[in-house]
Amino acid sequence: MATNPKDVSEHFYTLDEYFAIEHAGDARYEYWDGEIVCMSGGSKEHGTVSSNVLYRLRRNLEGGPCFAFTADTAVRTPTLKPYRYPDASAACGDLTYERIRGVDALTNPVLIVEVLSPTTARRDRSEKFKAYQVIESFKEYLLIAQDTPHVKHYVRQSDGEWTAEDVTDLNAVLRLDSIGCTLSLRDIYQGVTFKAV
């Protein structure tokens, strides 16, 4: 007789089990209150968009006080232990890290970028964003769709409140004031073919 998946209890992973898996190979994992989620892999569109963003950020920031990081760079999230792996991030000035069980987690990002996928979009918009907001240095958040030209650009205002703008025009250019550069949607989506509706 087949078992109903609803009747099977999910395994709760401890942080010790998470770190054992995290250190066992090259894949990146995030810990979500007992659940372990693999962050490696993804669609070709996801990889293209992530690569485009990182390439453009690195070129724009070269020689300046800010530096862009790959998806392999952990970002410490004080309220969501132990850290997250955004698709890209940037920090300025003196870079600070906290060593967490063998992983150097960046503690002072100013910009964080997440490329949305069906399995991560809900968390990227909610729990992850809330966890990132606790980081004092964090000023801008980009949520980038991979299947249609759409970027949600969040900016922290001087009063601590966040404003959001939806950008869908491929000719638009995002001003990333936190790192002093711009990023065009055309550059973000270079090499991505959108499916006709």
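Each Cα pair under 8 Å and six or more residues apart adds its sequence gap; the mean of these over the residue count of the stretch 1-154 is a relative contact order of 16 percent. When the chain is treated as a GNM with alpha-carbon contacts under 10 Å, the residue of V151, V173, V113 showing the greatest mean-square fluctuation is V173. Restricting the calculation to Cα atoms, the stretch 66-105 shows an Rg/Rh of 0.95 when the hydrodynamic-style radius is the Kirkwood one.
If you take the alpha carbon atoms of the stretch 22-98 and fit the smallest convex hull around them, that volume is 106 Å³ per residue. The lysine pair tally for the chain, using Cα distances under 24 Å and a gap of 8 or more places or different chains, is 12. In the chain, taking the dipole from charged Cβ atoms about the Cα centre, the farthest positive-side position among L170, T48, L61 is held by L170. Looking at the stretch 1-144, the accessible area is 53 square angstrom per residue; that uses a 1.4 Å probe and ignores ligands, DNA and RNA.
Taking the protein heavy atoms of the chain in the context of the full set of protein chains, the accessible area attributed to carbon and sulfur is 49 percent at 1.4 Å.
Relative to one another, the C-alpha centroids of the stretch 128-188 and the stretch 81-106 are positioned 19 Å apart.
To the nearest ten degrees, helix 44-61 and the longest principal axis of the Cα atoms of the chain are 50 degrees apart.
Measuring from each cysteine beta-carbon in the chain, the ones with no other cysteine beta-carbon under 4.7 angstrom are C38, C181.
Per DSSP helix of 4 or more residues, -39500 (n - 2.57); summed, then divided by the residues of the chain. What does that give at 222 nm, rounded to the nearest 500?
The helix contribution divided over the chain gives -6000 deg cm²/dmol.
For the stretch 132-170, the set of GluC sites (Glu not before Pro) satisfying both a DSSP loop assignment and a count of at most 15 other C-beta atoms within 10 Å is given as E136, E161.
In a DSSP loop and with at most 15 other Cβ atoms within 10 Å, the GluC sites (Glu not before Pro) in the stretch 29-73 are E62.
Normalised by residue number, the volume inside the convex hull of the Cα atoms of the stretch 88-158 is 109 Å³ per residue.
The values are calculated or read from the model by the stated rules, or taken from the named source; none is laboratory data. Nothing here was measured: the structure is a model prediction, and the numbers come from that model. Glycine gets a Cβ as well: all are built from the backbone with ideal geometry, and neighbour counts include every protein chain shown. Heavy atoms of the whole protein, side chains included, go into the accessibility calculation; ligands, DNA and RNA do not. Shrake-Rupley method; radii C 1.70, N 1.55, O 1.52, S 1.80 Å.
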